[in-house]
Amino acid sequence: MTGDESVQRMEFMLTLRRRGITDQAVLRAMDEVPREHFVDSRFADFAYADQAMPIACGQTISQPYIVAYMTEQLQARSNHRVLEVGTGSGYQAAVLSRLAREVISIERYRTLADAARARLKTLAYNNVEVISGDGFAGEPSRAPFDRIIVTAAAESVPQALTDQLAEDGIMVIPLGPPEGHQELARLTKTKGGWLQRDNLIPVRFVPLLPGKAREL
Ligand code: SAH
């Protein structure tokens with residue numbers, strides 16, 4: 001690491017703390033995962049700036065604060081199996097892999113799924129599995145999941161994901177229309193199978209789209 005890089009990484013961690021991230025395990029995970037490997041090489045110099053950035057297929061890697069905040073709200077523990085919908089760059093999956101036992105991440109663009117899988121393998125995040133598929137369907141063969149995180153905005157909670165959430169499980173999902181007001185929601189599955197919804201913060205995510213992407 002050059003002097004500049006280490007200053008940038010220090011500021012990155014300070015920003016997360018200043019914006020209110022307090023969970024030490026989450027902060028450690030954010031400190032450990034090298035974000036420069038997940039952004040487009042053209043933007044490598046800005047890898048530690050607190051901003052979202054474009055990745056392939058017209059998608060985005062989320063802003064680090066939002067990644068940390070969603071991770072904190074998810075309360076993933078070392079015995080948990082986590083489902084992520086929207087692998088994108090694989091950055092959020094890498095952060096979660098430091099906290100949970102296993103992460104299964106679904107991406108509708110094969111190009112992004114393949115790139116993320118290769119990147120995570122190179123970086124030895126061996127407890128992450130990337131699947132190319134439609135996150136609306138979840139991954140029933142691997143359910144139930146202790147935690148589910150969705151990193152694209154849905155108009156309403158996909159039923160398959162609710163079904164695949166374990167009892168006492170937590171799902172963090174942005175809810176709202178594509179260009180309109182979206183709220184990050186935390187859903188907790190009670191013993192009776194009911195979902196308790198807590199609205200957390202307003203957010204702006206790319207939309208959760210149905211089906212596998214058709215690619216050129
Ligand atoms: N978590 C990512 C950011 C994801 S951006 C990261 O850390 O980089 C949202 C991603 O969700 C996009 O890559 C988009 O292609 C994907 N997506 C949208 N709808 C989907 C669906 N139905 N199933 C799976 N992935 C989906």
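Here are a few things to note about the model shown:
- Computed in the context of the full set of protein chains, the accessible area of the chain at 1.4 Å probe radius has 51% of its extent on carbon or sulfur.
- The chain: relative contact order in percent, alpha carbon pairs under 8 Å with at least 6 residues between: 15 percent
- Put simply, when 170-179, 124-133 are sorted by average Cβ atoms within 10 angstrom per residue, most first, you get 170-179, 124-133.
- Glu167 versus Asp40: modelled label distance in nm, points set 7 Å from Cα along the beta carbon direction: 4.8 nm
- Accessible area per residue, Å², region 1-91 with all protein chains present, probe 1.4 Å: 48 Å²
- Estimated vicinal HN-Hα couplings, Hz - region 139-151 in sequence order (Karplus 6.51, -1.76, 1.60; Gly, Pro = x): 9, x, 5, 10, 6, x, 10, 5, 9, 10, 10, 10, 10
- Each principal axis of region 4-67 carries a Cα extent, and these read 33, 24, 17 Å when sorted largest first.
- Region 144-187: Cα Rg divided by the 2.2 N^0.38 Å rule of thumb: 1.13
- Rounded to the nearest Hz, the phi-derived 3J(HN,Hα) couplings of region 26-43 under the Karplus curve 6.51 cos²θ - 1.76 cosθ + 1.60 (θ = phi - 60°) are 5, 4, 4, 4, 5, 6, 7, 7, x, 4, 4, 7, 9, 8, 4, 4, 5, 10, where x marks glycine and proline.
- Amide H contacts of Ile104: Val82, Leu83, Glu84, Glu129, each under 5 Å away and 5 or more positions distant or on a separate chain (H built 1.01 Å from N in the peptide plane; Pro and chain starts excluded).
- Evaluated on region 98-216, the Kirkwood hydrodynamic radius is 15.2 Å, with distances taken between all distinct Cα atoms.
- Rg/Rh ratio calculated on Cα atoms of the chain (Kirkwood radius): 0.94
The values are calculated or read from the model by the stated rules, or taken from the named source; none is laboratory data. None of the values given here were measured: they were computed from a predicted structure. Positions of Cβ are backbone-derived with ideal geometry, glycine not excepted, and every protein chain shown enters the neighbour counts. What goes into the accessible areas is simple: the full protein's heavy atoms, side chains included, and nothing from ligands, DNA or RNA. Shrake-Rupley method; radii C 1.70, N 1.55, O 1.52, S 1.80 Å.
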